[in-house]
Amino acid sequence: FSALNLDELTAQRDRALSDYDALVRRGLSLDLTRGKPSARQLDLAAAMLTLPSGHTAADGTDCRNYGGPQGLPEVRAMFSRLLQVPVAQLVAANNSSLSLMHDSIVHAMLGRLPGSERRWADEPRIAFLCPVPGYDRHFALSERFGIELIAVPMDDEGPDMDVVERLVREDAQVKGIWCVPKYSNPSGVSYGEETVRRLAAMPAAAPDFRIFWDNAYAVHHLTDTPVEIADILALCAENGNPDRAFVFGSTSKITFAGGGVAFFGSSPANVAWMTGNTGKRTIGPDKINHLRHVEFLRDEDGVLEHMRRHRELIRPKFEAVDLILTKELGGTGLASWSSPLGGYFISLDVLEGCARQVVSRAAGAGIALTPAGATHPYGDDPRDSTIRIAPTYPELDEVELAISGLATCVRLVGTEKLLERAR
Ligand code: PMP
């Protein structure tokens with residue numbers, strides 16, 4: 001559209017405006033804000049509601065009782081390869097990996113991490129690197145503990161490693177980096193081998209620097225050719241930084257988002273640190289839930305088979321988004337978007353300075369989107385251009401309606417912006 005003359009552009013804007021007015025008159029009420037599984041996806045695990053059938057673990061443990069701080073060995077074995085963590089170094093906990101990330105930060109604040117010179121609470125300043133676009137809950141969690149957030153750009157292979165290496169080498173107050181290494185939230189990017197190797201090997205000024213490796217979408221493939229990422233724990237160990245990475249994952253988007261099993265994996269020293277700390281706050285995780293997951297998912301193949309059923313439900317939604325955006329916005333130059341191979345999100349980039357207005361126009365038409373800026377630290381996307389689309393929760397026809405409405409908003413705000421620039 002940037003090649004159009006003023007009259008043509010005005011005509012396009014007028015058409016978009018009348019489409020938008022018609023959209024508002026429809027009185028829609030649609031929600032694309034959060035990456036939640038739909039009720040149908042949750043139904044896939046309905047059988048779990050009547051499990052476990054027994055209460056005895058393979059080693060004879062009575063799961064009804066206290067104990068087992070590291071979680072049931074059989075649920076850890078089931079996810080060991082999928083999360084690329086040796087069984088002995090994997091902890092199975094309760095229902096939320098986000099809470100394990102939270103606790104890791106709190107324990108590092110209030111006690112000393114392996115390799116730490118002092119508690120993080122005693123540091124003059126703590127900073128975390130945040131590849132952008134990224135996950136708003138990572139940012140909110142860090143902010144809540146006064147951690148300074150430093151945005152780092154991402155490309156198709158993950159964070160810009162020249163920037164990461166420089167900041168981590170030069171600033172001893174940079175203590176962490178948030179990574180969603182596979183089918184990243186929201187761009188869908190998976191980290192390339194070289195990126196992972198450089199993260200594992202780079203020199204760090206802080207002796208207690210940690211990679212928060214949030215592998216939330218490890219098995220959430222949308223295609224027949226699953227993406228494989230390099231093994232961060234093995235690479236850290238090989239490069240003399242065995243304690244550098246904390247691996248997180250969960251079954252929130254495999255079984256029940258509110259009733260899954262979360263995992264923490266790391267070096268033996270970090271695992272001892274974590275279970276030592278956790279042992280002060282609980283006399284053991286919910287092993288009944290671990291057993292329920294083992295009975296239902298059975299083994300690694302069972303997990304992958306179950307994920308194929310999810311894929312059957314959600315892939316049509318991702319395809320619909322791509323199809324509608326291509327039809328309505330393809331070739332206009334008003335937007336570009338990701339075509340993820342897995343995960344839960346599509347990232348839509350509109351013209352610079354337009355994202356907030358698009359989200360607000362969409363709200364005006366009854367289409368709720370994640371606030372613009374949420375993909376960046378402090379809710380501040382300096383280019384004001386990234387919008388996160390979460391298509392899994394609504395029914396397919398609702399996704400179609402919402403995306404076609406969103407495309408109308410992009411056309412309206414985009415043509416207005418181009419007119420403003422042309423004048
Ligand atoms: N990490 C990422 C990247 C996510 O997208 C989500 C859910 N939206 C979570 C963590 C939350 O995980 P959990 O349910 O295990 O707390």
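Annotations
For (1) hydrophobic (A, V, I, L, M, F, W, C); (2) under 21 Å from Asp397 (Cβ atoms); (3) not assigned by TED's automatic domain parsing to the domain that holds Met154; (4) not in a loop (DSSP other than H, G, I, E, B), each residue gets a yes or a no:
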site	(1), (2), (3), (4)
Thr326	no, yes, yes, yes
Thr332	no, no, yes, no
Ser336	no, no, yes, yes
Ser347	no, no, yes, yes
Arg356	no, no, yes, yes
Arg361	no, no, yes, yes
Thr375	no, no, yes, no
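- Of the residues examined, Val271 is not one that is within 16 Å of the ligand (Cβ to nearest atom) and within 19 Å of Val75 (Cα to Cα).
- The residue that is farthest from the ligand (Cβ to nearest atom), counting only those in the range 10-44 that are closer than 17 Å to Ser360 by Cβ and loosely packed, with under 14 Cβ neighbours inside 10 Å, is Asp21.
- Members of the range 106-149 found to be surrounded by fewer than 22 Cβ atoms within 10 Å (Cβ to Cβ), within 16 Å of the ligand (Cβ to nearest atom) and without any contact (Cβ under 8 Å) to a residue 60 or more places away in the chain, listed by number: Val106, Arg137, Ala140, Leu141, Arg144
- A count restricted to the range 200-224 and to residues that are without any contact (Cβ under 8 Å) to a residue 40 or more places away in the chain and either polar (S, T, N, Q) or in contact with a strand residue (DSSP E or B) (Cβ under 6 Å, 6 or more places away or on another chain) (or both) stands at 3.
- Odd one out for Gly158, checked against (1) surrounded by fewer than 21 Cβ atoms within 10 Å (Cβ to Cβ); (2) under 25 Å from Tyr191 (Cα atoms): (1)
- Selected residue [of a type in the set (Val, Ile, Thr) and at pLDDT below 95] from Thr10, Thr33: Thr33
- Residue within the range 150-172 that is within 16 Å of the ligand (Cβ to nearest atom) and at pLDDT below 95 present: no
- When restricted to residues that are in contact with a Gly (Cβ under 9 Å, 6 or more places away or on another chain), under 18 Å from Thr370 (Cα atoms) and more than 16 Å from the ligand (Cβ to nearest atom), the range 333-352 contains 3.
- Subset tally (residues that are away from the ligand (no atom under 16 Å from the Cβ) and among the hydroxyl-bearing types (Ser, Thr, Tyr)) for the range 177-206: 1
- Every test in (1) surrounded by fewer than 18 Cβ atoms within 10 Å (Cβ to Cβ); (2) of a type in the set (Ser, Thr, Tyr); (3) out of contact with any Leu (no Cβ under 9 Å at 6 or more places or on another chain) is passed by Thr375 save one, and that test is (1).
- Top-ranked residue of the range 251-266 - restricted to ones that are over 14 Å from Phe212 (Cα atoms) and not hydrophobic (A, V, I, L, M, F, W, C), ranked as nearest to the ligand (Cβ to nearest atom): Ser252
- Note on the range 161-270: no enclosed strands (runs of 3 or more DSSP E) hold 1 or more residues that are crowded, with 17+ Cβ neighbours inside 10 Å, small (Gly, Ala, Ser) and not assigned by TED's automatic domain parsing to the domain that holds Gly115.
- Pro394 touching a residue at least 60 places away in the same chain (Cβ under 8 Å), crowded, with 23+ Cβ neighbours inside 10 Å and touching a strand residue (DSSP E or B) at 6+ places or on another chain (Cβ under 9 Å): no
- Test: Ala16 is free of Cβ contacts under 8 Å to residues at least 60 places away in the same chain and outside the structural domain of Asp122 (by TED's automatic domain parsing): no
The values are calculated or read from the model by the stated rules, or taken from the named source; none is laboratory data. Computed from a prediction, not measured in an experiment: that's the story for all the values here. Virtual Cβ from ideal backbone geometry, glycine too; neighbours counted across all protein chains shown.
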